[in-house]
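Down below is the structure, laid out as structure tokens.
The values are calculated or read from the model by the stated rules, or taken from the named source; none is laboratory data. As the structure is a prediction and not an experimental result, all values here were calculated from the model. With ideal geometry, Cβ positions are generated from the backbone for all residues, glycine too; neighbour counts draw on all protein chains shown. Calculation scope for accessible area: heavy atoms of the full protein, side chains included, ligands and nucleic acids excluded. Shrake-Rupley method; radii C 1.70, N 1.55, O 1.52, S 1.80 Å.
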Amino acid sequence: MTLEEGLDASNLSSHHGNHHHHHLMDWLEDSISFLPTFPNEPYSVPEEIDHCQWWVQDQNQPLTAAAAVAAVAAAPSIAIVTAKPEPLPEMPKAELPKKRKLAARQTASVFEEERKPQVNNGSKKGHGRGSMSNSGSGGGGGASKDVRWAEQLLNPLAAAIDAANLSRAQHLIYVLQELASPTGDANHRLAFYGLQVLSRNFTSSLSSPLTYSSTDPRLFRSALIKFHEVSAWFAFPNCLANAAILQAAMGGRAGQVRSGSLHVVDVGVSHGLQWPTLMEALTRRGMGLVGQGMVKLTVVETGSGGPFGSAPAGYDFVPQLMRYGKSIDLNLRVERGEVGRGPGKEIVVVCLQFRAGRVGPGFWKAVREMEPDLVVLTEMEEGRGRGEENGFGRRAEMLWGFLESTSVAFKGRDSEERRVVEGEAARLLEEEGEEGEGWGNERWKEKMEGEGFKEEGFGEEAVEAGRALLKKYDGNWEMKIGTDGAVGLSWKGQTVSFCSLWKPAYKTTAGVLSSGGRRH
């Protein structure tokens, strides 16, 4: 059997394929019968303000998104307040004139529809090799800046708050309160979540959106599964990671299963959803079967407090994984612990996904001392090309891409699962001061090389598996293969994440290191 035969998209995505389908359903339904079953096919959708100038206008004239953005752009500079600002007065939405609010939303909708760019749903996906860095200056999400009015209001608000310019901040908050909404298109939702984050220093009356940690465990798991079904955001990197792990278990590209046990260190955000398909692929290859070695999964909590890493109290996927492993005769052991190599001969793979910026320096030292056979690194692409803004503006652009792709994935429909996922994604706006903030593939490459690792390329089978998986999602998703071997995932031409493979550049011992090495 070739690697491709056991490594197609149906084996490496957690929601496609019929082989052992009943086993996967047993794992999902055994103690969570409330969950929806996987569909046969995933969704695929072709598809300033100067206070004097602004305030004296006719109060009966509705405020439009276009007028708001134009006023912000045309407003003259206002002197910065250097004294410590007093808290802004709270402005409950209930006190706003209802007619003006309704008119503002209606005219904003018309404005957006008139200026909405035409999307070529039949365009070819880009799978060529080349640089993974985003090009341009802020074209992320495929929409021109004049259409993305939410960022054109939120970014000046963030700047006004940083400058302690209370007058400007107060007016911008008022404008955004009229236009923001947790429903609607990506502009309304981004305005809503951005306003939630930026106005917390001024008012305590705002309610927090649903997030992973604040929701019910049942809804949390349902949201994970549903999002995996309809969006490639996490499904694609999970597919690549599983392909790389399976390749490592087989001894590289030789196609022969290596002897011994496989030890996977899970430092990711899949909350267990990634592993059933890998488990099944391993059993197809005869690895980890009872009496033929063991598959060990160590779930590491380090750095799990960031976006997508948290889980609600009471959620535990370990029992379900164990039962599923038993149903397919896999000798599986799952435990929660720290980074470390176990006794005896084992193949060690560290799967680090979307948490690298929060693990701390001690983690990297521990991983290097493990001398793992492979490290899978997946992170957001926040580097060069993601707009000219720094800080909040860059994070807002990232969230825009997420919200726009999610709107397509859910076909514009609202649901509890969508609100949970988007509320969790909005935490990206709060990620300030963490290691790796504003980094992309190039900066993480420097980091990994500095920690004593060298980059490896993905095998062609893994690349093909990722390419096949993307065909099941919306046509705006693309795969980008970098010249260094890393594989990027892009939405409407803007790279949103990358996945790369790493191995130790040298062996660490208690004595002298090999030539070219260094001590830790």
task: Check whether at least one residue in region 421-432 is farther than 24 Å from residue 207 by Cα and at pLDDT 90 or above, and report yes or no.
output: no
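Evaluate region 189-197: report whether one residue or more is of a type in the set (A, V, I, L, M) and either at pLDDT below 90 or open to solvent by 20 Å² or more (accessible area, probe 1.4 Å) (or both).
yes
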task: All but one of (1) open to solvent by 40 Å² or more (accessible area, probe 1.4 Å); (2) part of a helix (DSSP H, G or I); (3) farther than 30 Å from residue 212 by Cα hold for residue 419, so report the exception by its number.
output: (3)
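Can you list the strands (runs of 3 or more DSSP E) found entirely within region 422-504 that contain at least 2 residues being crowded, with 23+ Cβ neighbours inside 10 Å and over 16 Å from the mean Cα position of the chain (by Cα)?
Counting at least 2 such residues, we get 494-504.
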task: Determine the pairs where a residue that is under 11 Å from residue 153 (Cβ atoms), located within region 171-183, has a partner that is surrounded by 17 or more Cβ atoms within 10 Å (Cβ to Cβ) and of a type in the set (Phe, Trp, Tyr) with Cβ atoms under 6 Å apart, the partner being 6 or more residues away or on another chain.
output: 180/192
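Filter region 279-319 for residues that are in a loop (DSSP other than H, G, I, E, B), in contact with a Gly (Cβ under 8 Å, 6 or more places away or on another chain) and open to solvent by 20 Å² or more (accessible area, probe 1.4 Å) and give the result. Before you say what the answer is, go through the steps one by one.
From region 279-319, those in a loop (DSSP other than H, G, I, E, B) are 285-288, 290-294, 301-317; that's our starting set.
Subset that is in contact with a Gly (Cβ under 8 Å, 6 or more places away or on another chain): 285, 287, 292-294, 302-303, 306, 309, 317.
Within region 279-319, 285, 292, 293, 294, 302 meet the criteria.
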- prompt: So, in region 219-245, of the ones that are more than 13 Å from the chain's Cα centre (by Cα) and small (Gly, Ala, Ser), which residue ends up surrounded by the fewest Cβ atoms within 10 Å (Cβ to Cβ)?
  reply: 222
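How many residues does region 165-185 contain that are closer than 26 Å to residue 411 by Cα and open to solvent by 10 Å² or more (accessible area, probe 1.4 Å)?
Residues that pass the stated criteria total 6.
Does residue 216 satisfy being surrounded by fewer than 19 Cβ atoms within 10 Å (Cβ to Cβ) and modelled with pLDDT of 90 or more? Before the answer, list the steps.
Working: surrounded by fewer than 19 Cβ atoms within 10 Å (Cβ to Cβ): yes; modelled with pLDDT of 90 or more: yes.
Against the criterion (surrounded by fewer than 19 Cβ atoms within 10 Å (Cβ to Cβ) and modelled with pLDDT of 90 or more), residue 216 qualifies.
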